[in-house]
Amino acid sequence: MKFLVLFLLVPLTELYVLIEVGSVIGGLTTVLLVVGTAILGASLMRSQGLLTMQKAQAALASGEAPQQAMLEGVMIFIGGLFLLVPGFITDILGLLFLIPPIRHRLASQFLKHRTSSRYYHRQNIYEGDWQEKTDKGDLKVTKSIEIIEGEIVSGSADKKQS
């Protein structure tokens, strides 16, 4: 539902802004400005993408995970796409993604939030209780405070049902 609203709202807003800007600076100037930002976006995407790829290669060469550079590469791609879409609102968003200090800050904040979120730390942790029978046949509840990390692998029972 949110995607549908964005799918309708963004083009209508862009169209409104284009009409308003065109009425102030003229239709031809508006079209040239939109085409110019698309060309600028393509060239910035190429140059910034190459620099980010070099950063990722340097991180890999030093034995580090290139997650910052990879995320910045995705942001460069999205920024370039925004600049290729006709409109001033998407152009502003695209330029924000292509300006290195802003992109670096956004990527750092995203990675910081991702690694500090409760979900991220708990996604592979399972805690639980179990019951054991004593030698006398009584049930004894044992509570575990240990953290067990694991992976669930489907067995052959799933294959027999198909």
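The values are calculated or read from the model by the stated rules, or taken from the named source; none is laboratory data. Predicted, not measured: the structure shown is a model, and the values here were computed from it. Cβ: placed from backbone, ideal geometry, glycine included. Neighbour counts: every protein chain shown.
Some values worked out for this structure:
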quantity: Some residue of the range 10-20 being hydrophobic (A, V, I, L, M, F, W, C), within 24 Å of Leu111 (Cβ to Cβ), in contact with a helix residue (DSSP H, G or I) (Cβ under 9 Å, 6 or more places away or on another chain) and touching a residue at least 40 places away in the same chain (Cβ under 8 Å); calculated: no
quantity: So Gln131, is it modelled with pLDDT under 90 and touching a strand residue (DSSP E or B) at 6+ places or on another chain (Cβ under 9 Å); calculated: yes
quantity: Condition met for Glu64 (in contact with a helix residue (DSSP H, G or I) (Cβ under 9 Å, 6 or more places away or on another chain) and part of a loop (DSSP other than H, G, I, E, B)); calculated: yes
quantity: Criterion (within 16 Å of Gly87 (Cβ to Cβ) and either in a helix (DSSP H, G or I) or touching a Leu at 6+ places or on another chain (Cβ under 9 Å) (or both)) met by exactly one of Leu4, Leu44, Leu28, Leu12; calculated: Leu12
quantity: Test: residue in the range 79-89 that is under 15 Å from His104 (Cβ atoms), in a helix (DSSP H, G or I) and within 23 Å of the chain's Cα centre (by Cα); calculated: yes
quantity: Matching entry among Ala65, Ala157 (being surrounded by 10 or more Cβ atoms within 10 Å (Cβ to Cβ), at pLDDT below 85 and among the small types (Gly, Ala, Ser)); calculated: Ala65
